[in-house]
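The values are calculated or read from the model by the stated rules, or taken from the named source; none is laboratory data. Small disclaimer: the values here were computed from a predicted structure and weren't measured. All Cβ positions, even for glycine, are placed from backbone atoms using ideal geometry, and neighbour counts span all protein chains on display. Please note that ligands, DNA and RNA were not included when accessible areas were found on the heavy atoms of the full protein model with its side chains. Shrake-Rupley method; radii C 1.70, N 1.55, O 1.52, S 1.80 Å.
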Amino acid sequence: MYDSGKIIIGIIIFIALFTFPTWYLFTSGEAAPMPDLVYPENEDQKECVYSAEYMRASHMDLLNEWRDIVVREGKRTFTTTAGKKFEMSMTNTCLGCHSNKAQFCDQCHNYLEVNPYCWDCHVDPSQLENQ
Amino acid sequence: MDVTRRKLLKLAGLGALGLTAGKYAKVFANDAFTETTLSEIGTGKRWAMVVDVRKCLVKEDCRECINACHITHNVPNIGNTKDEIKWIWKEDFENVFSDQENHYLKENLKDKRIPIFCNHCDNPPCVRVCPTQATWKREEDGIVMMDWHRCIGCRYCIVACPYGSRSFNWQDPRPFIDNINSEFPTRSKGVVEKCTFCEKRLAEGKQPACVEACKEKALVFGNLNDQNSEVRKLLKENFSLRRKPGLGTEPEIYYLV
């Protein structure tokens, strides 16, 4: 093999550069900062419509379900397992408690690179005040 | 069994006829059309609206109903007719009832502005052509609904509707809404919209926003299947017009002239 020395050095440099982001992260020990979620403050807003674990994992499915029940079946009231009643509405109910959408929904979604298009139509009232 | 080719073809033909018989029966049944619809009356609800044009014309350039509707539903005011979005709007009588031959009726109404809406047809052509069922007729009350989540913006429904009741969002409507009402979502670029008979307000036990806003009480809303409803009474006591009845769409907005 001709120039094997040069080739091997070239390959080593290539691998080092190619994997740089991975081992840099490992050695520097810095990950992207965890999202710092702001929760509802009011006493009567201390419980979500389901448990926090369930909501973390399944709120997107719940919202799709609400959407279909409201728009296609024309029903609008949701009762929690504890018997509390809510209107099935993203703006009026979810954001009614999680009124700081930017520090809650958006924080988490940005961290996870999720970009729901719902807000093209659904209104975030806190944005309106800034207008 | 001894089946000749001839026999087989005959049997196949008979079978095919049987399969399609249901369809043809329906076509012929249309002759007895009035009987079937009248016999259906009494089951469930059938929302409809009566527009008393005489009362409406008391204040000719009034826009109370339009404003109320458009504020409730975040309908943008785009400002040019090419892109405009409308749930309620007004046209000259002559254009609204272009099939009316009666010249004397036309004489005094000719260029009067008449309010028009989605007709919530009993036989809605928009529903037939929608490829995603983003628009459909609710069996329980006859409202022709919109599911904005499903609309893909193909605009077949706009072509199918003989009344021009549907508008397309050629652009993001938000910059054209003066005060966004957070109680109702806006729409986005690329979807179709129209009147929903205030389906949300009805669910809350209220009258449609336009009916509530009309000071002249020219708009009356109610259940056609209820013999004692005000709409039925008005239709019994007055002669009424519907838009383009010859098309067979069975519009559910009635005009008293």
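Once you mark the GluC sites (Glu not before Pro) that are in a DSSP loop and have at most 11 other Cβ atoms within 10 Å, what is the longest gap between them in chain A?
Longest gap between qualifying sites, sites excluded: A:42-112.
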Inset, instruction - Pull up the cross-link candidates among the lysines for B:Lys10, meaning alpha carbon to alpha carbon under 24 Å and not fewer than 8 places away within one chain. - result: B:Lys23
Inset, instruction - May I ask you to derive the FRET efficiency for B:Lys82 and B:Glu140 from their Cβ-Cβ distance with R0 = 35 Å, giving the value to the nearest 0.05? - result: 0.40
Inset, instruction - Apply 1/(1 + (r/R0)^6) to the Cβ-Cβ distance of A:Leu128 and B:Glu230, taking R0 = 30 Å, and write down the FRET efficiency to the nearest 0.05. - result: 0.20
Legend entry - Eligible lysines near B:Lys106 by straight Cα distance, threshold 16 Å, same-chain separation 8 or greater: B:Lys244
Legend entry - Label-reachable residues, the stretch A:88-120, where backbone N falls under 20 Å from a point 7 Å from A:Glu47's Cα toward its Cβ: A:88-89, A:93-99
Legend entry - Cα-based convex hull, the stretch A:2-131, per residue volume (Å³, whole number): 209
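How large a share of the accessible area of the protein assembly as shown, in percent, is made up of carbon and sulfur atoms when the probe is 1.4 Å and the other protein chains stay in place?
The nonpolar share, carbon plus sulfur, comes to 56 percent.
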Inset, instruction - Just tell me which lysines come within less than 28 Å, Cα to Cα, of A:Lys6; anything on the same chain fewer than 8 places away is out. - result: none
Legend entry - Cα-derived Rg to Rh of the stretch B:100-201, Kirkwood definition: 1.04
Legend entry - Efficiency of FRET from Cβ geometry, B:Lys244 and B:His103, R₀ 25 Å, rounded to 0.05: 0.85
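Grab the other residues whose beta carbon is less than 12 angstrom from that of B:Pro208, score K and R as +1, D and E as -1, and report the net.
Its environment carries a net charge of 0.
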